[in-house]
Amino acid sequence: MKSLLKIVLGLAVIIVLLLVLAGFLLPVIYDKEDLKAAIASRVHEQTGRELQIDGELDFSVFPWLAVEVNDLSLGNAPGFGDQPQARIGRARAGVALVPLFRKQISVDEITLDGLNLVLAVNAKGQNNWDDLAAGGAAEDAPSSETGMFSSGRVAGVNVRDAFVEYNDIKAGTHYRLSDFSLQTGALGDGKAVPLKLEALLENVATETRARVELAATTAVDLEAERYSLSDFELALALEAADQSQTVRILAPQVEMDLAAQTLQLQTYAIELADLRARGGLTASNIMDDPKFAGTLDAAEFSPAKLMRALNMEAPETSDPEVLQRASVSTRFAGDSRQLVLEDMTLQLDQSRLTGGLSVRNFDNPRIGFTLGVDEIDLDRYLAPADTASTSDDIVMPQQELQGHDVQGQLKAGVLHLAGLTFNDAEVSVAISNGKLRLNPLTAGFYGGRYSGDIALDGSGADPVITLDEKIDSITFQRLVADLVETESLSGTAQGHVRLTGRGKTSNEVLGNLHGDLGLTLTEGALEGINIWYEIRRGLALYKGLPAPEPEPARTVFSRMKLAGTVKDGVVNASELTGELPFLTVRGNGAVNLVQSEVNLGLVAEVRSSPELAGDPLGSELRGKKLPFRVSGPLDAPALSLDWEALLKGEATDLLLDKLGLGQKKSQAEGAGDAAEEEPQKDALEETAKGALFDLLRGKDKDKDKDDGGG
């Protein structure tokens, strides 16, 4: 805006000076062609540009020293092509002759028809108007001494059918202002006169257009360089392919002081769709490096309607009732390089956000924020299930992280995400050089605490995700209920996950996942199955006995623990233990995260307990080690006795009895200490194997003797 204003004012000054020069030269040089040549020569001396006048040149001396020129063109700066930078179809201006003798300037209406002005910036950042602003500045600078002409009045300004193009190749911006017209009443004597402006503004890069209409009553003090606009109304009709929406900016009073370089709007209003916003604005240093500050208060409006009015597609959400209500209040400040929002309060649907936001360095934005929200359900704002991607393989964000610089903190009283609920959540967000990190990340979580450090590195050939998360003292039943809508497992949980994965998609990440994890549950229950009952029922079936009386399908436990490592997407459970009534469960196995399959081998050892005395099946199981397996799909695994291992164990017992070692085995079982049972059993099994080998050898020897004797 500053550059455009300078160039337009510069052209106007050139035209007026040329007209005054022509007026004084006319009595001496009557030939119009000679006059054109003299004017062109003078312009070339001052600017280094070629001025060409192809049309008529008319003049008058009294009472107005006036000149009218047609078909005027001004050459472009070197390196910007051969096409003229400016063309004027018709220009007319004049000054009253008599007031000049009183050192006063009274200008007749300035008329400008068919202006065509091209402003350009090349790839190196060089533009085609700096030489005009600098040319002749030193030698033509007016003296500050007394005796200067005093500013007078201008009878009016009338600009019709103007065209201005601004093309910045370096910044990638390209604008056109066409059908430009400007009419004013008499300016300079401090009286209020009407002002009207119309134009079509086009953003060539985005193919968007806006019809601009400005109306106001203006009072101008040319000598003091003060401009006052009252009843200011600016209408921007945003034109899209299939619709037009008008933005209105209203201000009862606008005060501009070019000498002090200030602008002030005590109040303003913005209207767009159902948005009604009000505030105030002040600006300083408006000609050199504008700085502004103000307030904005928007009453309740619909964000969805506003986006449609701006030709933006409103996102599909799982809850169609969101993005329907919003209001905002904030203070703002900034300049041509940055914008800062402070003391911001945003009411979005049922959520209230407060805090601040900043965008610094618009060329390479650096975004900062400190926000707090009372409660928000982010799941409501996500895409609905029927329009979300049905693929199980999700592309990891990588390009989306490039070119962003974000630093911020977010606090949430209650946060709902992925069906889970977090309380008093705090997270620090950092995005830089293609890397995202959420750390520290803490929250109250189902009666306990959650803490995490989540990182996504998209700077390399393949994205790398790193998770370091912990849970402590959470109520597991509530967590499971929110995850799978069932209360199948309860207890107090604590655990950790330390994992790293690499890949362009979620399946690739799972296939490359490695690290370790652990989970401990205490004082809980497994709903839907009674493991002790199933073991006793299985034994009855095996013995051909009647099944025991049914019992509630619930297995309580005092402690369950899982610890393991992860390699190539497979969890290897090195420690899997459980303490149940009458049972101690131990085992190991694997969970394939890529195939979503589980395969665990477990051994349930029946402990001695007085309660077993009245249970024949339980008494028979005392001291037994019963193998069973957990296998199948991860979301619906099956639990079954390992009959193969069980029958092998029974066969071993029968063999030991046949070899006369059954008593030793019974004595070993009665030794009591569980820590000593395993070595004793191993010794018995080794003895049994040796005895069996000797027995078989003995039979072979007898057979050899029979064969030899025959």
Next item on the list: Looking for whichever is part of a helix (DSSP H, G or I), more than 56 Å from the chain's Cα centre (by Cα) and surrounded by fewer than 19 Cβ atoms within 10 Å (Cβ to Cβ) here; the options are LEU612, LEU539. Which one fits?
Entry: LEU612
Checklist line | Check on GLU165, within 23 Å of THR111 (Cβ to Cβ) and modelled with pLDDT of 95 or more | finding: yes
Next item on the list: Of the conditions (1) more than 30 Å from ARG337 (Cα to Cα); (2) touching a residue at least 24 places away in the same chain (Cβ under 8 Å), VAL373 clears all except one; give me its number.
Entry: (1)
Next item on the list: Name, by its number, the condition in (1) surrounded by 18 or more Cβ atoms within 10 Å (Cβ to Cβ); (2) out of contact with any Gly (no Cβ under 8 Å at 6 or more places or on another chain); (3) at pLDDT 90 or above that does not hold for LYS504.
Entry: (1)
Margin query: Looking at (1) assigned to a strand (DSSP E or B); (2) closer than 26 Å to LEU200 by Cβ, which one does THR295 not meet, given that it meets all the others?
Written below: (2)
Next item on the list: Report yes if VAL566 is of a type in the set (A, V, I, L, M, F, W, C) and within 30 Å of LYS435 (Cα to Cα), otherwise no.
Entry: yes
Next item on the list: Quick one: ALA604 ticks every box in (1) assigned to a strand (DSSP E or B); (2) without any contact (Cβ under 8 Å) to a residue 60 or more places away in the chain except a single one, so which number is it?
Entry: (2)
Next item on the list: From ASP343, ASP379, grab the single residue that is touching a residue at least 60 places away in the same chain (Cβ under 8 Å), loosely packed, with under 15 Cβ neighbours inside 10 Å and within 25 Å of GLU426 (Cα to Cα).
Entry: ASP379
Next item on the list: Identify the single condition in (1) at pLDDT 95 or above; (2) surrounded by 17 or more Cβ atoms within 10 Å (Cβ to Cβ); (3) not assigned by TED's automatic domain parsing to the domain that holds GLY334 that GLU233 does not satisfy, given that it satisfies every other one.
Entry: (2)
Check: Among the residues of segment 213-230, which ones are at pLDDT 95 or above and farther than 17 Å from GLN253 by Cα?
Finding: GLU213
Checklist line | segment 267-279: number of residues that are surrounded by fewer than 16 Cβ atoms within 10 Å (Cβ to Cβ) and free of Cβ contacts under 8 Å to residues at least 24 places away in the same chain | finding: 3
Margin query: Going residue by residue through segment 28-37, is there one that turns out to be without any contact (Cβ under 8 Å) to a residue 12 or more places away in the chain, more than 30 Å from GLY185 (Cα to Cα) and β-branched (Val, Ile, Thr)?
Written below: yes
Next item on the list: Report, by residue number, each residue of segment 172-197 that is surrounded by fewer than 16 Cβ atoms within 10 Å (Cβ to Cβ), charged (D, E, K, R) and not in a loop (DSSP other than H, G, I, E, B).
Entry: ASP179, LYS196
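The values are calculated or read from the model by the stated rules, or taken from the named source; none is laboratory data. Computed from a prediction, not measured in an experiment: that's the story for all the values here. Please note: Cβ atoms are built from the backbone with ideal geometry, for glycine as well, and neighbour counts cover all protein chains shown.
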